[in-house]
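Take a look at the structure below.
The values are calculated or read from the model by the stated rules, or taken from the named source; none is laboratory data. No experiment lies behind these values; they were computed from the predicted model shown. Using ideal geometry, Cβ is built from the backbone for each residue, glycine included, and neighbour counts are taken over all protein chains shown. What goes into the accessible areas is simple: the full protein's heavy atoms, side chains included, and nothing from ligands, DNA or RNA. Shrake-Rupley method; radii C 1.70, N 1.55, O 1.52, S 1.80 Å.
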Amino acid sequence: QIVAQIDIDPLLDQQIKNPTTRKELLLLIKEAFNNSAKYSNARSVHVTLKKNQSRTELNITDDGKGFDLTDNASGNGLANMRNRCERLGGTWQLQSAPGKGTQIACTFHSLS
């Protein structure tokens, strides 16, 4: 019963032609949804993929219960998402706190 809001810039969607890049982005987003459904008790998840000047930004935010990063940041799902982001040349940022939900940001300087 999670409401998903997905906001992908249609022009950016057309610019990303490489099938491996598209697959990695899709799997990264899928893992975030999976984590939200299994662990967060979130009511909503918001995904945005947009161009911001010369960077491409992927942001995934949920309104779930959040977690203490020092206790849970080493899970396989989070590690896989971070690896996917970095394989695409992105920088990874994870923010969460108990009662505050979770935000994942992956910033790319070039995607093809």
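When the residues Ser40, Ser112 are ordered by accessible surface, computed with a 1.4 Å probe over the protein chains alone, the sequence from largest down reads Ser112, Ser40. Coupling constants for region 85-95 follow from the phi torsions by the Karplus curve (6.51 cos²θ - 1.76 cosθ + 1.60, θ = phi - 60°), and in residue order they are 4, 5, 4, 8, x, x, 9, 10, 9, 10, 10 Hz; glycine and proline get x. If the segment from Leu69 to Ala97 were pulled out straight at 0.36 nm per residue, it would be longer than the present Cα-Cα gap by 9.4 nm.
The chymotrypsin sites (Phe, Trp or Tyr not before Pro) of region 1-97 include none that DSSP puts in a loop with a beta carbon having at most 14 other beta carbons within 10 Å. Non-local lysine pairs in the chain, meaning eight or more places apart or on different chains, with alpha-carbon distances under 21 Å, amount to 12.
Within the listed set Leu94, Leu58, Leu69, the Gaussian network model of the chain (springs between alpha-carbon atoms below 10 Å) gives the highest mean-square fluctuation for Leu69. Dividing the summed -39500 (n - 2.57) terms of all DSSP H runs of n ≥ 4 by the residue count of the chain sets its mean residue ellipticity at 222 nm at -10000 deg cm²/dmol. Across region 39-50, coupling constants 3J(HN,Hα) worked out from phi with the 6.51/-1.76/1.60 Karplus curve, θ = phi - 60°, read 10, 8, 6, 5, 9, 8, 10, 10, 10, 10, 10, 8 Hz, and Gly and Pro carry x. In loop segments of region 40-111 as defined by DSSP, the trypsin sites (Lys or Arg not before Pro) with at most 13 further C-beta atoms inside 10 Å of their C-beta are Arg43, Lys100. What you get for the chain, charging only the Cβ of Lys and Arg (+1) and of Asp and Glu (-1), is a dipole of about 240 debye around the Cα centre.
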